[in-house]
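Asks: I'd like to ask some things about the structure below.
The values are calculated or read from the model by the stated rules, or taken from the named source; none is laboratory data. This one's a predicted model, so the numbers in the text were calculated from it and none came from an experiment. Backbone-built Cβ (ideal geometry, glycine too); neighbour counts: all protein chains shown.
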Amino acid sequence: MLFLIEAIDRAGAEEVRAAAAAEHREFVGGYLDTMLVGGPLMADDGSRAIGSMIVKDFVDRDAAMAFIEQEPYNRAGLFESVTIRAFHPVVVNPDLVPK
């Protein structure tokens, strides 16, 4: 089942994000075969990341929670809040995904 994970960064935590970025990329890179989409949430002007979003296939909500508990940004204390929701895609337009 797909779950959407939305994680919002703590204010002023840009250095935490930068310090954990390589470990984060390595961690999520191990799950690309079960990930529909993922990436940073951006400020409205596109100038900086303000959070993270992942839509990934999990066995259940508990598995999604276990995933985010191990996620390097989360372990580093980057996130102010994390929301996990079951997700059912109806429309997917690959032409709108930036290359």
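Asks: Give me the pairs, please: first residue somewhere in region 18-32 and modelled with pLDDT of 95 or more, second residue anywhere and β-branched (Val, Ile, Thr), beta-carbon distance under 9 Å, and either six or more positions apart or on two chains.
Replies: 28/54; 31/54
Asks: Would you mind stating whether residue 81 is part of a strand (DSSP E or B), surrounded by fewer than 16 Cβ atoms within 10 Å (Cβ to Cβ) and in contact (Cβ under 8 Å) with a residue 12 or more places away in the chain?
Replies: yes
Asks: What do you reckon, is residue 49 touching a residue at least 24 places away in the same chain (Cβ under 8 Å), touching a Pro at 6+ places or on another chain (Cβ under 6 Å) and not polar (S, T, N, Q)?
Replies: It is true that residue 49 is touching a residue at least 24 places away in the same chain (Cβ under 8 Å), touching a Pro at 6+ places or on another chain (Cβ under 6 Å) and not polar (S, T, N, Q).
Asks: Please work out which residue is nearest to the chain's Cα centre (by Cα), limiting yourself to region 2-30 and to residues that are more than 14 Å from residue 73 (Cα to Cα) and surrounded by 14 or more Cβ atoms within 10 Å (Cβ to Cβ).
Replies: For region 2-30, the residue satisfying everything is 4.
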